[in-house]
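The values are calculated or read from the model by the stated rules, or taken from the named source; none is laboratory data. No experiment lies behind these values; they were computed from the predicted model shown. Because the Cβ atoms are built from the backbone with ideal geometry, glycine has one as well, and the counts that use them run over all protein chains shown. Accessible surface is based on the protein model in full, side chains and every heavy atom, while ligands, DNA and RNA are left aside. Shrake-Rupley method; radii C 1.70, N 1.55, O 1.52, S 1.80 Å.
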Amino acid sequence: MDLISSFLVGGLTQAHWWQVVIYTLVMTHITIVAVTVFLHRSQAHRGLDLHPAVMHFFRLWLWMTTGMVTKEWVAIHRKHHAKCEKEGDPHSPMLFGIWKVLFRGADLYRVEAANQETVAKFGHGTPSDWIENNLYAKHSLMGVLIMLAIDIALFGAIGLTVWAVQMAWIPFWAAGVVNGIGHYWGYRNFNSPDTSTNVFPWGFIIGGEELHNNHHAHGTSAKFSTKWFEIDVGWGYISVLRVLGLAKIKKVAPKLKLDPGTRAIDLRTLQGVITHRYEVMARYADIVRQAAREELSKLQSRSDRVRLRRSLIRNEEVLQPEQIAEVDSAIAQHPMLSTLVQMRRELGRLWESSSASSEQLLADLQAWCQRAQKSGISGLEQFAIRLRRYAA
């Protein structure tokens, strides 16, 4: 009885509480690394290739700590990017509400994972060997039960709590926080056609996934940080693997190049503007934000001012019909805002056009800059000058 009692209290290790905490944090951190490096950056977006031994370690680890099937996860994530903020997006807070995504994100994942059309259409290129088809995918529950047995064996009854934390870690942080808060609250470096945000400038807890707006702007980049003050822990691990010859980087986001002085607008300028279009539109949003602050100051309700400013600076693709109507009503009463919104739409056509030649797009950009510099709007004039400095 003493042996049984001792086992239930401390398992085989008889570890102190702080040792159990450290073990749990290390285990969940490895799971986060497996998700961001293997599932997300390597499998879903092909930003890097991993050595077969590293890739299989991550597959085994995720089987034991999450029970997720690689093909299902990849398919759901790719569909999220393809349908972002629109009907069909598996987990957008714009469609389902922030609280449902935050606390029931795992439920949304399971619903979409059962959609065989999604898995077949978006899950291509994922592992399909014997062990994947006959063990990892076929018996996904077996891995987490083995993990449960290990935790109980190591720590006794408290191992149940350790296992529960492991099982809840990805559903909360990845399915909830990244998919929920990462499309609801935070800052934006890039005005991408969605509501993605950077939750924090440091990516410790979720391995760099906190930099979600950066990722949506450059989806295939293996590196998520873009500013000097941003920290992407996942990229740190990738860099170590690359040095060891265990990873090959395929793509990273292009670095913004600004010529030191203004110059004539040429094809190099055009290519720079198109390449960095989301950064361009983010800087343009700053102009609209300042103009809206001045133009809408007479509105009595502060909440109305804030709501309208947000609608004005957001990409119009993610606005609801009532928000678009509100924006149209506001710009009809404010000529400066009307000019800014109209010229933003015209600027966007540079990269939206699929039929215009490079020469035509260059002529359009030159004409746009000329109009901007003659607009009489100080911020727009300065923006046109900055635009001349972009380079591919």
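So, for the chain, what is the accessible surface per residue at a probe of 1.4 Å, expressed in square angstrom?
49 Å²
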Given H placed on each backbone N at 1.01 Å, which residues far from Ile231 in sequence or on other chains put an amide H within less than 5 Å of it? Trp202, Gly203
Are there DSSP H segments in the chain that both extend 15 Å or more along their axis (alpha-carbon positions) and score a mean Kyte-Doolittle hydropathy of at least 1.0? List them, or say none. 17-33, 140-155, 158-170, 233-243
Which residue fluctuates the most in the chain, going by a Gaussian network model with Cα springs under 10 Å, if the choices are Asn315, Asn191, Asn214? Asn315
Residue of Val273, Val54, Val119 that the Gaussian network model of the chain assigns the largest fluctuation, springs spanning Cα pairs under 10 Å: Val54
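Give a quick list of GluC sites (Glu not before Pro) in region 8-91 that DSSP marks as loop, anything other than H, G, I, E or B, with at most 12 other Cβ atoms within 10 Å.
On the way: sites: Glu72, Glu85, Glu87; in loops: Glu85, Glu87.
Of the GluC sites (Glu not before Pro), the ones in loops of region 8-91 whose Cβ has at most 12 other Cβ atoms within 10 Å are Glu87.
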Rounded to a whole number, what % of the accessible area of region 1-55 do carbon and sulfur atoms account for, probe 1.4 Å? 74 percent
Which residues' amide hydrogens lie under 5 Å from the amide hydrogen of Lys257, considering only partners 5 or more residues apart or on another chain, with H built in the peptide plane? Ala391
Each residue of region 220-231 in turn: what ³J(HN,Hα) in whole Hz from Karplus with 6.51, -1.76, 1.60 and θ = phi - 60°, glycine and Pro shown as x? 8, 6, 6, 10, 9, 6, 10, 9, 4, 8, 8, 10
Could you please state, rounded to a whole Å, how far the C-alpha centre of region 33-79 is from the C-alpha centre of region 198-251? 15 Å
Answer with a single label: of (i) 1.01; (ii) 0.94; (iii) 1.05, which was calculated as Rg/Rh (Cα atoms, Kirkwood Rh) from the structure in view? (iii)
Could you calculate the FRET efficiency of Gln366 with Thr220 from 1/(1 + (r/R0)^6), where r is the beta carbon distance between them and R0 is 25 Å, rounded to 0.05? 0.25
Quantify, in whole percent, the carbon and sulfur part of the accessible surface of region 56-193 (1.4 Å probe; protein heavy atoms only). 66 percent
Heavy-atom accessible surface of region 246-368: percent carbon and sulfur, 1.4 Å: 49 percent
Quick calc: nm separation of the 7 Å Cα→Cβ label points for Tyr237 and Ile22 -> 2.0 nm
How about Lys257: which aspartates and glutamates have a C-alpha closer than 14 Å to its C-alpha, ignoring those fewer than 8 places off in the same chain? Glu279
Under 18 Å between alpha carbons, and skipping anything fewer than 8 positions from Lys79 in its own chain: which aspartates and glutamates qualify? Glu87, Asp89, Asp107, Glu112, Glu117, Asp194, Glu209, Glu317
Exceeding the 32 Å Cα-Cα cut-off - candidates Lys100/Lys255; Lys138/Lys255; Lys251/Lys374; Lys86/Lys223: Lys100/Lys255; Lys138/Lys255; Lys251/Lys374
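Given a Förster radius of 35 Å and the C-beta distance between Ala168 and Gln14 as r, what FRET efficiency does 1/(1 + (r/R0)^6) yield to the nearest 0.05?
So, using R0 = 35 Å, E works out to roughly 0.85.
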Going from most exposed to least, what order do Asp194, Asp266 have by accessible area with a 1.4 Å probe? Asp266, Asp194
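Could you work out the percent of alpha carbon pairs in region 265-346 separated by over 21 Å, rounded to a whole number? Working shown, then result.
Values: 1018 of 3321 pairs.
In whole percent, the share of Cα-Cα pairs in region 265-346 beyond 21 Å is 31.
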Roll a 1.4 Å probe over the protein heavy atoms and report the accessible area of Met167 in Å², nearest 10. 40 Å²
